[in-house]
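Beneath this line is the structure, given in structure tokens, with notes to follow.
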Amino acid sequence: MTDTRYMRPGSLDEALEMMGEHWPGAKLLAGGTDLIPLFRAARYSGDSGSADLGLQGGCKCGDCRIEPFPDVLVDVGGLDEIKGIRRSDGFLEVGAATVMADIAADPLLNETVPILAEAARSIGNPLVRNRATIGGNLATAAPCADTAPPLLVLDAIVQLASPEGRRELPVADYFLEYRTTSLRETEMITGLRVPIPPERWAGGFEKVRLRKSGAISVASVAVMLELDGATCLNARVSLGSVAPIPLRAAAVEKALEGRRIDAGVARECSRLVQQHISPIDDLRGSAEYRRWVTEAVVARTILKAVGIEGTD
Amino acid sequence: MATTVETPAHESVSPPTGAEKPGYKIIGRPMPRHDARDKVFGQTKYADDFEMPGMLHGKVLRSEHAAARLLAIDTSVAEKMPGVHAVLTAKDVPCNETTSKFGQTHSAGGFEGLYRVLADGKVRYMGEAVALVAAETLEQAERAVRAVRVDYEPLPGVFDPIEAMKPDAYRVGEEDTNVVCTYKVRKGDAGRALESADFVVENTYHVPFGDHVYLEPESGVAWIDEDGVITIRASTQVIEHFRDIADILKVPHNKVRVIAPMLGGGFGGKEDITVEAYLALLASRTKRPVKLTYTREESLLAHSKRHPYFMKYKTGARADGTLVAMEAELISDAGGYAFLSPWVLLYSTVCATGPYKIPHVKVDSYAVLTNNTFTSAYRGFGAPQVCFAYELQMDELAAKLGLSPLEFRRRNYLHTGDETGTGHALQTAVWTDETAQQALTALGEPSRPRSSRERIGRGLASGMQSYGRLIYMHDSSRSFVGFELDGTVVVRCGVQDIGGGQASSLAQIAAEVLGVTMDDVTVYFGDTALTPLAGTTTATRQLYMSGNATLKAARAVRDELAKKAGEILGVSPERLELRDKAFHVLPADEAGVGAAASGEGASQSGQLPLRDALKACASSGVPLGNLAQFNAPAREVGDVQNVEGQIFPDFTFGTHAAEVAVDVDTGQVEVLKFVASFDVGQAINQLSAEGQLEGGSVCGLGYALLEDLKLSGGKTITSALDTYLVPTSMDTPDVVPILLESGGGLGPFGAKGIGEPSSTSGAPAIVNAVADAIGIWITELPVTAERVLRALKEREAK
Amino acid sequence: MERHSIAISVNGQWMKTEVTALDTLLEVLRNSFGALDVKNGCGQGDCGVCTVLLDGVAVNSCLTLAAQADGREVTTLKGLGTPDDPHPLQESFVRHGAIQCGFCTSGMVLVAKAFLDENPTPSREEIREAISGNLCRCTGYKKIVDAIEDVAGEPGRVGRRS
């Protein structure tokens, strides 16, 4: 049915070589939890128009895009070089091929950046989390990628490699437009460098979804605040699933900085989130609903970070 | 005014006799099921696990339009593709249209339905089967299906049943109207009674399409055996479709055999013909075995759905809290073909007033064709839809009256001897009151909110659901029970096992009566050639029907053996108890027989091993087995539209109670506690009965909060299981099952059916709990977070 | 068509076949290796009935390419225990009535096994989370949680087969 070739490089360099040699027909494979359903979709679509019938499956984030079969699948899921979590100077280094289950359970992550672990734990279901990778989550660049909001408020750095060399860029510069990233041709994500937040920082993460497992987010919120008591010195607020890309809500951040946070302040600042988001109507919810919950959840996530419960 | 309808004579299987003492050995115990072991070791061969040598693979081409004229189908390219053995369209089907009795043998006017194998002339729903392909490999079949060229002329179609009822609406079928059928119930004068009622509530309710999501998609293998019998081994709830399939192929009925292996779930979705006809046609044409298995997307797209209903209710009560009248108008969406819509509508009509005493009743119901996916049987079969409506009416009325939901209901519950909404005087146990009290008590102390953004609420709902088929069907079931010479037992019964322990229950019943263990019993089931036909596994009828047939057969076998054993032991058979593989002589008083009547001395004792009795019977021409038939109550269809009197053999009554936490920021509803309290008459297998309560409750939870099969312009847009959401293990608490046993059911040992009743009242209990939490009744299912938040925002705005 | 030779250890037995790059592990297990105890429910990771253990880790075999499993060990339900030598989880599922139609059973038992290997003394909530990628339409999950909870408690008791 297809002439796709499967290749399993033994090293990162070998993987890059394969990417360079077979570009643009080369596609990276790690966990495969987003990619394989798309191949299933392609198998069931065809020239008789049955693609329209929903016979295909796939479409994890709501839009039915059919992935064309690549010439070469480069399986980097087993490369130890890009797996694992470790601490190095003031940073956490997370390999791109680290699976969500490991990120969710990792003691170091849970201690230093729990919002990232929480986000990983909210993705898919336990079986999917045993395969899905953080690199894949970013490479797919869906608006609903749940690790993106925490990475954005942690000011994480994305590490990239290509046959031409290595580079890094802030995750804020990684997402450009809807499903479009800064990845250059033949380039792949090798890992993330996450600065370990100093003591005075506290965070929160919440994902609104239709059921408690196996559910794409309707809206997700991540917050990191530098606090002096209840006074906010620095604020970072990020949103997922409510715009073409995961993004930071600068207006909310600015409004929080310097304020002493209580329920009223949280509510007041969270209203400013509306100017940043452009949610859509889809199967999971209406744009109006998304606006309501984003605002409410931003407010209560701020309060959770400060250690105050409730917005009454 | 309804005339008195004579209660139809029905056969009652006699209650347990002295020799079957209430200390049951096996009945009522938590017995591990027979089939559980095979399943847990991965040995069970489901439909898709089966292969035949030389097997081809089938695939169905389905319509891309919900409404269109079929101008031309060109199969020429597909036919020539590699590996293709057959490409069939309507013209290749010997009898493309038949009138199906849906597994019944009795012709009951108004309850047969058109079954069209392949689309012909017009397509009536998106996903309707247009052509069939059989090829050497699945990939070849998939490619060939894509190469079939179909010319469609799209037609406007109609997608709303209320629109479809209008005189100038697009005609879905070939008749002058889209209305498939209508029923009415008239008792007293509801209109007048409502006018003078002290309190009245009125509301409109809407429930959506739903999918069964059995984890095993539709599947089967067919072949022609050495005697030329077309044999179909398929995941089906109804092996008796063999008659329809024979008619479709224009072969005699005894030339089609249907075998049902263990199913991976049915829930009503495998009650109609699914793959069987396609398989029979392809096997017949190619002369090779053929396998056909649906993908999940295909299953969601093309098989039967649960009926959406629009329901207008108006209920009135007196100041003393007693109900005085109820009016209901029900409109169901029958989809592109009627299938079981008339039956489902009748169930809804009969159950429309719930388990309550209401002197004045007016119900009008309509099933209407549209170009949506066809709707048919789904666990509950029309009862859950109306239960949602009437239970919200009850809570609303209770609130107006200033009574608690429980107290208001208690003033109105039906009891034995009372008449239902259609005037059926209930003769069996009606324990709703008891179930409601227990359910609410089991909720315990109210939970405290876990944050200031949470509101806690509690609710209950009582349901009424029949077990056994419409008595118009003259339902019957047969079972054979027999001993081998070594004392092991064989049961042969056409029952289809869809996962509810249908076959295992029969083993339990036979073992109880015949004094053996469950391991001593082998059950052969689900084969039209080799097992006596037991009817469909639907309508919560199998325990009642084949259970009773098996009980009859087992007792007949025991009685024959007891006669012989009595001869050998020199006592009358009434003195004998068969247990632990031997006949034991009971002391005269224990046997309930006076010493004088038994004609023997009171001190006689002794026993005879079962094997000896069997040997003696075998040598003297006494049969070791018995084929018994059990008949349900029967009634002729008079004026089918005027629903009055008894329509079902009996009902199962029960109550769900729920406690929920509502997040007022997001509208999300979490069920914290969930109780299911039901009178099951007598639990045959305690684990199975609990399992039905637990599973049925989560079915209700899915209906309440999650499941919405969305169609738009006839197109299924929730096309896979990541968009059609069903409850995961994290979406439900531990259900607390409370089994009450009145002994007052018509099934074996006084059992009532439980498979569907347990799924009827769960949803309204949750929705009533949400109303308790936020003060708003949401009248549309599912009660999604968005609907809750929208309701809260709208109230805020006022 | 491009084919790859792969070898997979299925319940301890090495099996070879040729696959295309896009053949899933589920397809190969069922169609090439006769491992019919692995079920197909949805094909895209939403239902969990196709769960197998890949080097001891519970995964959806429909979301794993066969080629990705080349050289690795797969455990299916039959590899966990047999009627003569049952795994405690299998006995517990039967004892608790945790099996109705049985189609989810293979996935449930395998994911439970892998979970208890990592977390031998879980709470009921943790068990519910562990099986939240495995749908069941019959039981309402409660007896499945009961069955898993019953086997938990003693690390040695469950970890005897890895």
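The values are calculated or read from the model by the stated rules, or taken from the named source; none is laboratory data. All values reported here derive from a predicted model rather than from experimental measurement. All Cβ positions, glycine included, derive from the backbone under ideal geometry; neighbour counts span all protein chains shown.
Criterion applied to B:Y337, B:Y313, B:Y378, B:Y366 was being outside any helix (DSSP H, G or I), within 14 Å of another protein chain (Cβ to nearest Cβ) and either over 30 Å from B:L61 (Cβ atoms) or not basic (K, R) (or both), and the one residue passing it is B:Y378.
Remark: pairs (first residue in the stretch B:284-304, under 24 Å from C:V49 (Cα atoms); second residue β-branched (V, I, T); Cβ separation under 7 Å; 6+ apart in sequence or on different chains) = B:K291/B:V221; B:L292/B:V275; B:L300/B:T716; B:L301/B:T716; B:H303/B:T274; B:S304/B:T375. Scanning the stretch A:178-194 turns up no residue that is in a strand (DSSP E or B), in contact (Cβ under 8 Å) with a residue 24 or more places away in the chain and among the aromatic types (F, W, Y). B:Y152 meets all of the listed conditions (1) in a strand (DSSP E or B); (2) within 32 Å of the chain's Cα centre (by Cα); (3) aromatic (F, W, Y) but one, namely (2). Within the stretch B:42-58, if we keep just the residues that are small (G, A, S) and in a loop (DSSP other than H, G, I, E, B), the residue that is nearest to the chain's Cα centre (by Cα) turns out to be B:G42. If you check B:A503 against the conditions, is it touching a residue at least 60 places away in the same chain (Cβ under 8 Å), within 14 Å of another protein chain (Cβ to nearest Cβ) and not in a loop (DSSP other than H, G, I, E, B)? So B:A503 passes the test. Residues that are at the interface with chain A (Cβ under 7 Å from one of its Cβ atoms) and small (G, A, S) were ranked within the stretch C:48-62; the one that is nearest to C:L110 (Cα to Cα) is C:A58.
Residue-by-condition table, conditions (1) basic (K, R); (2) in a strand (DSSP E or B); (3) at positive phi; (4) touching a helix residue (DSSP H, G or I) at 6+ places or on another chain (Cβ under 7 Å):
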position: A:G258; (1), (2), (3), (4): no, no, yes, no
position: A:Q274; (1), (2), (3), (4): no, no, no, yes
position: A:S278; (1), (2), (3), (4): no, no, no, no
position: A:V298; (1), (2), (3), (4): no, no, no, yes
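None of B:S677, B:S712, B:S697, B:S719 is among the hydroxyl-bearing types (S, T, Y), within 30 Å of B:E512 (Cα to Cα) and either more than 9 Å from chain C (Cβ to nearest Cβ) or surrounded by fewer than 24 Cβ atoms within 10 Å (Cβ to Cβ) (or both) except B:S677. Determine, yes or no, whether B:G745 is surrounded by 24 or more Cβ atoms within 10 Å (Cβ to Cβ), of a type in the set (G, A, S) and within 14 Å of another protein chain (Cβ to nearest Cβ). No, not satisfied. With respect to (1) modelled with pLDDT of 95 or more; (2) surrounded by fewer than 21 Cβ atoms within 10 Å (Cβ to Cβ), the lone exception for A:T140 is condition (1). Among the residues of the stretch A:280-296, the ones that are surrounded by fewer than 19 Cβ atoms within 10 Å (Cβ to Cβ) and assigned to a loop (DSSP other than H, G, I, E, B) come to 4 in all. Here is a check on your reading of the model: is B:V93 within 14 Å of another protein chain (Cβ to nearest Cβ) and not hydroxyl-bearing (S, T, Y)? The answer is no for B:V93.
What is the number of the single condition among (1) more than 14 Å from every other protein chain (Cβ to nearest Cβ); (2) within 21 Å of B:Y214 (Cα to Cα); (3) surrounded by fewer than 24 Cβ atoms within 10 Å (Cβ to Cβ) that B:T760 does not meet? Of the numbered conditions (1) more than 14 Å from every other protein chain (Cβ to nearest Cβ); (2) within 21 Å of B:Y214 (Cα to Cα); (3) surrounded by fewer than 24 Cβ atoms within 10 Å (Cβ to Cβ), the odd one out for B:T760 is (3).
Per-residue answers, yes or no, for (1) assigned to a helix (DSSP H, G or I); (2) small (G, A, S); (3) at pLDDT below 95:
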{"position": "B:K564", "(1), (2), (3)": "yes, no, no"}
{"position": "B:D589", "(1), (2), (3)": "no, no, yes"}
{"position": "B:S603", "(1), (2), (3)": "no, yes, yes"}
{"position": "B:A628", "(1), (2), (3)": "no, yes, no"}
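For the stretch B:526-559, taking the residues that are more than 20 Å from B:E240 (Cβ to Cβ) and not small (G, A, S), the one that is surrounded by the fewest Cβ atoms within 10 Å (Cβ to Cβ) is identified as B:D559.
Within the stretch B:124-148, the set of residues being more than 8 Å from chain A (Cβ to nearest Cβ), in contact with a Lys or Arg (Cβ under 8 Å, 6 or more places away or on another chain) and surrounded by 24 or more Cβ atoms within 10 Å (Cβ to Cβ) comprises B:E128, B:L132, B:V133, B:A134, B:A135, B:A141, B:A144. Residues in the stretch B:751-798 that are touching a strand residue (DSSP E or B) at 6+ places or on another chain (Cβ under 7 Å), part of a loop (DSSP other than H, G, I, E, B) and small (G, A, S): 2 in all. Does A:S217 meet the test of being under 23 Å from the mean Cα position of the chain (by Cα) and within 14 Å of chain C (Cβ to nearest Cβ)? Considered against the rule, which asks whether it is under 23 Å from the mean Cα position of the chain (by Cα) and within 14 Å of chain C (Cβ to nearest Cβ), A:S217 comes out as no. Filtering the stretch C:75-99 to residues that are at the interface with chain B (Cβ under 7 Å from one of its Cβ atoms), of a type outside the set (F, W, Y) and either under 21 Å from B:N685 (Cα atoms) or not in a loop (DSSP other than H, G, I, E, B) (or both) leaves C:L77, C:K78, C:Q90, C:V94, C:R95, C:G97, C:I99.
Out of B:T718, B:T728, one residue alone is out of contact with any strand residue (DSSP E or B) (no Cβ under 6 Å at 6 or more places or on another chain), more than 21 Å from B:F674 (Cα to Cα) and polar (S, T, N, Q). It is B:T718.
Which helices (runs of 4 or more DSSP H) sit wholly inside the stretch A:73-144 and have at least 3 residues that are of a type in the set (A, V, I, L, M)? It comes to A:100-105, A:114-121, A:134-140.
Residue-level analysis places A:D262 outside the set of residues that are surrounded by 15 or more Cβ atoms within 10 Å (Cβ to Cβ) and either within 14 Å of chain B (Cβ to nearest Cβ) or touching a residue at least 60 places away in the same chain (Cβ under 8 Å) (or both). If the condition is being at the interface with chain B (Cβ under 9 Å from one of its Cβ atoms), among the hydrophobic types (A, V, I, L, M, F, W, C) and within 15 Å of the chain's Cα centre (by Cα), then the stretch C:100-124 contributes C:F103, C:C104, C:V109.
In this structure, does B:G173 turn out to be in a loop (DSSP other than H, G, I, E, B), of a type in the set (G, A, S) and within 14 Å of chain A (Cβ to nearest Cβ)? When the stated conditions are applied, B:G173 does not pass them. When each of C:L29, C:L65 is tested for being within 8 Å of another protein chain (Cβ to nearest Cβ) and more than 22 Å from C:A130 (Cβ to Cβ), the lone residue that passes is C:L65. Among the residues making up the stretch A:300-312, those that are more than 8 Å from chain B (Cβ to nearest Cβ) and outside any helix (DSSP H, G or I) are A:G307, A:I308. Hey, among the residues in the stretch B:276-327 that are of a type in the set (A, V, I, L, M) and more than 30 Å from B:T231 (Cβ to Cβ), which one's surrounded by the fewest Cβ atoms within 10 Å (Cβ to Cβ)? Applying the filter and picking the extreme gives B:A319.
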